[in-house]
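*Asks:* One structure is given below, represented as structure tokens, and several questions about it will come after.
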Amino acid sequence: MNLLLLIVGLALILVGANGLTDGAASVAKRFHISDLVIGLTIVAFGTSAPELVISVLSALQGSAEMSIGNVVGSNIFNVLMIIGCTALVLPIQVGKGTMSKEIPLVILSALVLTCFANDCLLDGESQNIISRIDGLVLLGFFLIFMRYTFAIAHNGNEDGSEEQKVKELPAWKSTLYIIGGLAGLIFGGQLFVDGASGIARALGVSDSIIGLTLVAGGTSLPELATSITAALKKNPGIAIGNVIGSNLFNVFFVLGCSATLSPLPMGNINNIDMAVLVGSSILFWLVGWFFKKRTITRIEGALLVVCYVAYTAFQISQQ
């Protein structure tokens, strides 16, 4: 029954996120907002909506470890599995601006989160916790990131990647998509959290492990589908922007909102997990320079996938 709740909840989340994104993008298009801005904001939000719903609901229901594990695990999955699998399908060319500006922002987000997650080490506190103040600081970083995003949109798409093409829907259909999408996200998120928590209890596994692996992989499916589809259409560069936007959104907005609503104890999520998060972000930057400069090759893609498999195997072995 818990597995059924998990599957039905995830299906509702994915369908809801897609409907909400299409509806909101259509409304934005109706108000003459450019496709690029819509792609950088609404579509980016749409692919990260599952993480937002799961993390906020988990935090409100007292499953803080699942909330944090979801974000940490999703970001590790995004870099190692999504970029890795996309590069295996088609090598990814990385723009100069992305190498010098956006990927370093991903590394910064991982380092900031690691600092916030080490109260015991840095301040001598009794437990590591993402406090409300930490959450507000993360939201401040998110506002800075959004300001930077709109500046890029205003100055033109420097790396020359395609804009997000948005189809304008009738007003009634846009409204239906938005309402239905929100309902799917909220109801599906509730089912997903209940199912994941039930499975964790039945297997004797902690919420943190479930969040870092099962929940993280499930909520990252929209990003994975988007990136693989883009690679098959000979435009794998979209995967880079997709992953960068999602990772920054997850740390700064998703965890920022979750921690602001309810402080998040780290629990069993430790510095090994945080080191993998920081290390995978740095590896993301490094593979852009090796072999062929500013190109993530198939060999490097395979390396990223192997690293994720090794990390997952380590997590399972720790139980």
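*Asks:* Given the criteria over 15 Å from the mean Cα position of the chain (by Cα), crowded, with 24+ Cβ neighbours inside 10 Å and part of a helix (DSSP H, G or I), does Ser58 qualify?
*Replies:* Details: over 15 Å from the mean Cα position of the chain (by Cα): yes; crowded, with 24+ Cβ neighbours inside 10 Å: yes; part of a helix (DSSP H, G or I): yes.
Answer is yes for this residue.
*Asks:* For region 225-248, what are the residues that are open to solvent by less than 40 Å² (accessible area, probe 1.4 Å) and within 16 Å of the chain's Cα centre (by Cα)? Break it down into steps so the answer makes sense when it comes.
*Replies:* Step one: of region 225-248, the residues open to solvent by less than 40 Å² (accessible area, probe 1.4 Å) are 227, 230-231, 235-237, 239-240, 242-248.
Answer for region 225-248, where residues must be open to solvent by less than 40 Å² (accessible area, probe 1.4 Å) and within 16 Å of the chain's Cα centre (by Cα): Ser227, Ala239, Ile240, Asn242, Val243, Ile244, Gly245, Ser246, Asn247, Leu248.
*Asks:* Also, quick follow-up: Could you count how many residues in region 298-313 are crowded, with 17+ Cβ neighbours inside 10 Å and farther than 18 Å from Ser220 by Cβ?
*Replies:* The number of residues fulfilling the criteria is 2.
*Asks:* Read through the list (1) modelled with pLDDT of 95 or more; (2) among the aliphatic types (A, V, I, L, M); (3) in contact with a Cys (Cβ under 9 Å, 6 or more places away or on another chain), then give the number of the only condition that Leu122 fails.
*Replies:* (1)
*Asks:* Another question, if that's okay. So for region 62-71 (the condition being at pLDDT below 85, surrounded by 24 or more Cβ atoms within 10 Å (Cβ to Cβ) and assigned to a loop (DSSP other than H, G, I, E, B)), does at least one residue qualify?
*Replies:* yes
*Asks:* Could you tell me whether Asn268 is more than 19 Å from Gly95 (Cα to Cα), at pLDDT below 90, part of a loop (DSSP other than H, G, I, E, B) and not hydrophobic (A, V, I, L, M, F, W, C)? Lay out the reasoning, then the answer.
*Replies:* Details: more than 19 Å from Gly95 (Cα to Cα): yes; at pLDDT below 90: yes; part of a loop (DSSP other than H, G, I, E, B): yes; not hydrophobic (A, V, I, L, M, F, W, C): yes.
Answer is yes for this residue.
*Asks:* On to the next question. Is it true that Ala110 is in contact with a Leu (Cβ under 7 Å, 6 or more places away or on another chain) and buried (at least 22 other Cβ atoms within 10 Å of the Cβ)?
*Replies:* Values: in contact with a Leu (Cβ under 7 Å, 6 or more places away or on another chain): yes; buried (at least 22 other Cβ atoms within 10 Å of the Cβ): yes.
Spelling it out, Ala110 is indeed in contact with a Leu (Cβ under 7 Å, 6 or more places away or on another chain) and buried (at least 22 other Cβ atoms within 10 Å of the Cβ).
*Asks:* Which of the residues spanning region 68-95 are under 23 Å from Ser131 (Cβ atoms) and either touching a strand residue (DSSP E or B) at 6+ places or on another chain (Cβ under 6 Å) or of a type outside the set (Gly, Ala, Ser) (or both)?
*Replies:* Ile68, Asn70, Val71, Val72, Asn75
*Asks:* Check Leu283 against each of (1) modelled with pLDDT under 90; (2) in a helix (DSSP H, G or I); (3) among the hydrophobic types (A, V, I, L, M, F, W, C) and name the one condition it does not meet.
*Replies:* Condition (1) is where Leu283 drops out.
*Asks:* I'd like the full set of residues that are modelled with pLDDT of 80 or more and open to solvent by less than 60 Å² (accessible area, probe 1.4 Å), limited to region 172-191.
*Replies:* Listed by number, the residues that qualify are Ser174, Ile178, Gly180, Gly181, Ala183, Gly184, Gly188, Leu191.
*Asks:* Quick check on Thr21: is it modelled with pLDDT under 80, on the phi < 0 side of the Ramachandran plot and in a helix (DSSP H, G or I)?
*Replies:* On the way: modelled with pLDDT under 80: yes; on the phi < 0 side of the Ramachandran plot: yes; in a helix (DSSP H, G or I): yes.
Against the criterion (modelled with pLDDT under 80, on the phi < 0 side of the Ramachandran plot and in a helix (DSSP H, G or I)), Thr21 qualifies.
*Asks:* Find the residue count for region 80-93, including only residues that are outside any helix (DSSP H, G or I) and either within 24 Å of Ser208 (Cα to Cα) or open to solvent by less than 10 Å² (accessible area, probe 1.4 Å) (or both). Don't jump to the end; show me each part of the working.
*Replies:* Applying the first criterion (outside any helix (DSSP H, G or I)) to region 80-93 yields 90-93.
If we keep only those that are either within 24 Å of Ser208 (Cα to Cα) or open to solvent by less than 10 Å² (accessible area, probe 1.4 Å) (or both) as well, we get 92.
Residues flagged as outside any helix (DSSP H, G or I) and either within 24 Å of Ser208 (Cα to Cα) or open to solvent by less than 10 Å² (accessible area, probe 1.4 Å) (or both) within region 80-93 amount to 1.
*Asks:* Tell me the residue from Phe45, Phe77 that is open to solvent by less than 30 Å² (accessible area, probe 1.4 Å) and among the aromatic types (Phe, Trp, Tyr), please.
*Replies:* Numbers: Phe45 fails: open to solvent by less than 30 Å² (accessible area, probe 1.4 Å).
Answer to the check: Phe77.
*Asks:* Please state which one of Leu261, Leu203, Leu221 is modelled with pLDDT under 80, open to solvent by 60 Å² or more (accessible area, probe 1.4 Å) and under 24 Å from Val56 (Cβ atoms). Show your work before the answer.
*Replies:* Working: Leu261 fails: modelled with pLDDT under 80; Leu203 fails: under 24 Å from Val56 (Cβ atoms).
Going through Leu261, Leu203, Leu221 in turn, just one is modelled with pLDDT under 80, open to solvent by 60 Å² or more (accessible area, probe 1.4 Å) and under 24 Å from Val56 (Cβ atoms): Leu221.
*Asks:* Still on this structure, please answer the following. Checking the structure you have, find out if any residue of region 268-289 is farther than 30 Å from Gly97 by Cβ, open to solvent by less than 50 Å² (accessible area, probe 1.4 Å) and among the hydrophobic types (A, V, I, L, M, F, W, C).
*Replies:* yes
*Asks:* Which of (1) touching a helix residue (DSSP H, G or I) at 6+ places or on another chain (Cβ under 9 Å); (2) surrounded by fewer than 18 Cβ atoms within 10 Å (Cβ to Cβ); (3) in contact (Cβ under 8 Å) with a residue 60 or more places away in the chain is the odd one out, the single condition Thr98 does not satisfy?
*Replies:* Only one criterion is unmet by Thr98, namely (2).
*Asks:* Which pairs do you get when a residue that is under 18 Å from Gln315 (Cα atoms), found in region 177-204, comes within reach of a residue that is open to solvent by 60 Å² or more (accessible area, probe 1.4 Å) and modelled with pLDDT under 80, reach meaning Cβ atoms under 7 angstrom, with the pair 6+ apart or on two chains?
*Replies:* Between residues of region 177-204 that are under 18 Å from Gln315 (Cα atoms) and residues that are open to solvent by 60 Å² or more (accessible area, probe 1.4 Å) and modelled with pLDDT under 80, the close pairs are Ala196/Leu214.
The values are calculated or read from the model by the stated rules, or taken from the named source; none is laboratory data. Predicted model, so just to flag it, every value in this text is computed and none were measured. Counting neighbours? That spans all protein chains shown, and the Cβs are built from the backbone with ideal geometry, glycine included. SASA here: full protein model, heavy atoms, side chains in, ligands and nucleic acids out. Shrake-Rupley method; radii C 1.70, N 1.55, O 1.52, S 1.80 Å.
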